[in-house]
Amino acid sequence: MPSTVMARDIKMSNLYSKYMRNSSQENLDALQAEITHRSETDKLFAKLFPAHIEAVLAKKTPLPTDFECYRTLVNAFEASCGKFTDYSMKYMRALVAECEGSLSYPAYRQDTIKNFEKECKNESA
């Protein structure tokens, strides 16, 4: 019976399969780079959104209602931290939670954007 791979894990699965078929240094480096990317992404989002990370991972964040805020945070994150990847997209729920949590205090969003700039310094996420 064929195994299934979650959409976010296709790249990792392909890199692993490629390395298992041909254990070249190039294939190992690509696999290690993806593992490093995932680890750094997990750490970054845990640091950026400590109040939301458990809900994000449990998929218990609110549904978005403030799409302007969400769009603003996505753009600000990508400007500071790099484009979302298939893997890092699983954390986009944190931006939704941040927007929904700041409905009563919209100025808080600027603190979130400043935090992106501080933590990422134009690194890719």
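Only the coordinates and a few stated rules stand behind these numbers; no lab work does. If you're wondering where the values come from, they're calculated on a predicted model, not measured in any experiment. Every residue, glycine among them, receives a Cβ derived from its backbone with ideal geometry; neighbour counts consider all protein chains shown.
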Q: Calculate the length of the line joining the C-alpha centroid of the stretch 8-39 to that of the stretch 92-109, in whole Å.
A: 35 Å
Q | Local electrostatic count, Asn27, Cβ distance below 15 Å [Lys/Arg +1, Asp/Glu -1] | A | 0
Q: May I have the convex hull volume per residue, in Å³, for the Cα set of the stretch 51-125?
A: 84 Å³
Q | For Tyr108, net neighbour charge (Lys/Arg +1, Asp/Glu -1) across residues whose Cβ lies under 14 Å away | A | -2
Q. Over the chain, what is the mean sequence separation of C-alpha contacts under 8 Å (at least six apart), divided by residue count, expressed as relative contact order in percent?
A. 30 percent
Q: With r as the distance between the Cβ atoms of Ile10 and Thr65 and R0 = 25 Å, compute the FRET efficiency 1/(1 + (r/R0)^6) and round to 0.05.
A: 0.20
